[in-house]
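Right, one structure below, let's go through it.
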Amino acid sequence: MGPDEMKSLIHRHLEGTGMFLVETRETPGKLTVYVDREEGINVSLCAALNRALRDAPELEEYTSRHEIEVSSPGPEVPLRDYRQFVSRIGKRLRVVLPDGSEWKGEMTGADASGFDIREVKGKKKRKQEGGERTRHFGYDEISEAHVEFVF
């Protein structure tokens, strides 16, 4: 079974659950399926999808050779779907642009076309540069974005 067929099968199992596929990662002997939903994801939802995929007759041959793990995307998995951005408005993001430069700031808005981020800088830096900057990014303008946890 190829990657596109696998993703199609996963999408079919997600229909009507409110969950959506973020990404899949295949390593020797293991397929990790990252899912999310707008209200957030929990262990019982991941476990239910894991059982459904493991027990799917069309995956019997695949699951005899591979472990399937369903998980929520942790901080190491970049945001991929616009619904992830919408549900994280107000959170701090680190955005990597195609040229390698980064923007860090609080996401102030998001929709299907992109998101807005207010750059976070120290007081001294803001004063030197004339205040805060806000920028809109289309999803096609970035390489990746991660939620940044501040402790």
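Readers should treat all values here as calculations from the given coordinates under stated rules, not as data from a laboratory. None of these values were measured; they are calculated from a predicted model. A quick note on method: Cβ atoms are made from the backbone with ideal geometry, for glycine too, and the neighbour counts reach across all protein chains shown.
Note on R25 and T108: with the Förster distance fixed at 35 Å, the Cβ-Cβ geometry gives a FRET efficiency of about 0.70.
What FRET efficiency comes out for the pair E5/S44, r = Cβ-Cβ distance, R0 = 22 Å, nearest 0.05?
In this case the efficiency is close to 0.20.
When you restrict to C-alpha pairs under 8 Å that are six or more residues apart and normalise by the size of the chain, the relative contact order lands at 19 percent.
Could you tell me which GluC sites (Glu not before Pro) in segment 32-85 are loop residues by DSSP with no more than 15 other beta carbons within 10 angstrom of their beta carbon?
Loop-located and lightly packed - E38, E39, E76.
Could you calculate the FRET efficiency of R83 with E60 from 1/(1 + (r/R0)^6), where r is the beta carbon distance between them and R0 is 22 Å, rounded to 0.05? Walk me through the numbers on the way to the answer.
Working: r = 31 Å, r/R0 = 1.43.
That gives a FRET efficiency of 0.10.
Distance from the Cα centroid of segment 136-151 to that of segment 11-86 is 22 Å (rounded to whole angstrom). Relative to the longest principal Cα axis of the chain, at what angle does helix 43-55 sit, 0 to 90 degrees, rounded to 10? Value to nearest ten degrees: 40. Which of these values of Kirkwood radius over Cα pairs in Å was calculated from the structure shown: [x] 22.1; [y] 17.2; [z] 15.7? Step by step, Kirkwood radius over Cα pairs in Å for this structure corresponds to label [y].
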